[in-house]
1. Return the residue satisfying two criteria in turn: it lies in the range 137-152 and is open to solvent by less than 50 Å² (accessible area, probe 1.4 Å) and of a type in the set (Val, Ile, Thr), and of such residues it is farthest from residue 37 (Cα to Cα).
2. Which residue pairs have Cβ atoms under 7 Å apart, sit 6 or more places apart or on different chains, and have a first residue in the range 132-146 that is among the basic types (Lys, Arg) and a second that is part of a loop (DSSP other than H, G, I, E, B)?
3. How many residues, within the range 10-51, are open to solvent by less than 50 Å² (accessible area, probe 1.4 Å) and either of a type in the set (D, E, K, R) or part of a loop (DSSP other than H, G, I, E, B) (or both)?
4. Under 8 Å between Cβ atoms, at least 6 apart or on separate chains: pull out the pairs that start in the range 78-106 with a residue that is outside any helix (DSSP H, G or I) and end on any residue that is among the polar types (S, T, N, Q).
5. Go through (1) open to solvent by 10 Å² or more (accessible area, probe 1.4 Å); (2) under 28 Å from residue 177 (Cα atoms) for residue 79 and report which single condition fails.
6. Scanning the range 112-135 for residues that are open to solvent by 60 Å² or more (accessible area, probe 1.4 Å) and in a loop (DSSP other than H, G, I, E, B), which turns out farthest from residue 165 (Cα to Cα)?
7. Within the range 153-162, work out how many residues are touching a helix residue (DSSP H, G or I) at 6+ places or on another chain (Cβ under 7 Å) and either buried (at least 21 other Cβ atoms within 10 Å of the Cβ) or more than 17 Å from residue 124 (Cα to Cα) (or both).
8. Go through the range 163-213 residue by residue and tally those that are surrounded by 11 or more Cβ atoms within 10 Å (Cβ to Cβ), assigned to a loop (DSSP other than H, G, I, E, B) and more than 13 Å from the ligand (Cβ to nearest atom).
Amino acid sequence: MSEDRVKKILSLLEKAYPDAGLVLHYRNPLELLVATILAAQCTDERVNKVTETLFKKYKAAKDYGSARQEIFEEEIRSTGFYKNKAKNIIACNKELVERLGGNVPDTMEDLVTLPGVGRKTANVLLGNVFGKQAMAVDTHVFRVSHRLELAKSNDPDKVELELYRIIPQEKLTRSCLVIGTHGRRTCVARKPLCDVCVVEKLCNSPDKIYTTPNV
Ligand code: SF4
């Protein structure tokens, strides 16, 4: 992977999506932590609907930590995998209260010790509320990285490491947002909009689809 090619891809994506940012709604690290756990296998739009009500009721780690599992399950049911998510969010917040004074930690080392928090969730937090450089490999970043041959691994944690090798450290968080936005808006899973893709000339993916003749 030439440095030039990566630079070109990132610069074109940056120009195409100057408004790239998280779709999840949140006002503080705890809300982003809960929203990110809920977002697994669910659309961000659906999570935003659920958290609009949830965040009015649960304001601090102790509120989630003392929630009744069956009630909480119903409150987040529409995000899918609700039993597991409820179990993890409650357990995670109990640990925040018991071990960390109710505060969301700002290091990868501490974040991944929390129930339901893997590297992706930790990186979302590090990059977006703690001002660090981080690459959160969600389904969109994973797909785009493969299609543009930025990474090869089938393991998202390894894709993260592959991206660390080719993207300058100081650009990680921003690159993550523009790559993810490209995946949501253009390089979508089923029918990517290759006709209007700004990096089409740099893409050799077998998933390319054209709907306009002679493009
Ligand atoms: S050309 Fe198509 S497959 Fe390639 S990056 Fe663009 S939208 Fe994705």
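The values are calculated or read from the model by the stated rules, or taken from the named source; none is laboratory data. What you see is a predicted model; the values in this text were computed from it and never measured. Methodologically, a virtual Cβ is constructed for each residue, glycine included, from the backbone with ideal geometry; neighbour enumeration extends over all protein chains shown. We work out accessible area using only protein heavy atoms, side chains counted, and drop any ligands, DNA or RNA first. Shrake-Rupley method; radii C 1.70, N 1.55, O 1.52, S 1.80 Å.
1. Taking the candidates together, the pick is 144.
2. Close Cβ pairs satisfying both conditions: 143/187; 143/189.
3. 10
4. Going by the 8 Å Cβ cut-off, the qualifying pairs are 80/41; 81/41.
5. Exception for residue 79: condition (1).
6. Among those residues, the one meeting the criterion is 113.
7. Here is the first cut: in the range 153-162, the residues touching a helix residue (DSSP H, G or I) at 6+ places or on another chain (Cβ under 7 Å) are 153, 156-157, 159-160.
Restricting the remaining residues to those that are either buried (at least 21 other Cβ atoms within 10 Å of the Cβ) or more than 17 Å from residue 124 (Cα to Cα) (or both) gives 153, 160.
So the answer is 2.
8. Within the range 163-213, residues that are surrounded by 11 or more Cβ atoms within 10 Å (Cβ to Cβ), assigned to a loop (DSSP other than H, G, I, E, B) and more than 13 Å from the ligand (Cβ to nearest atom) number 2.
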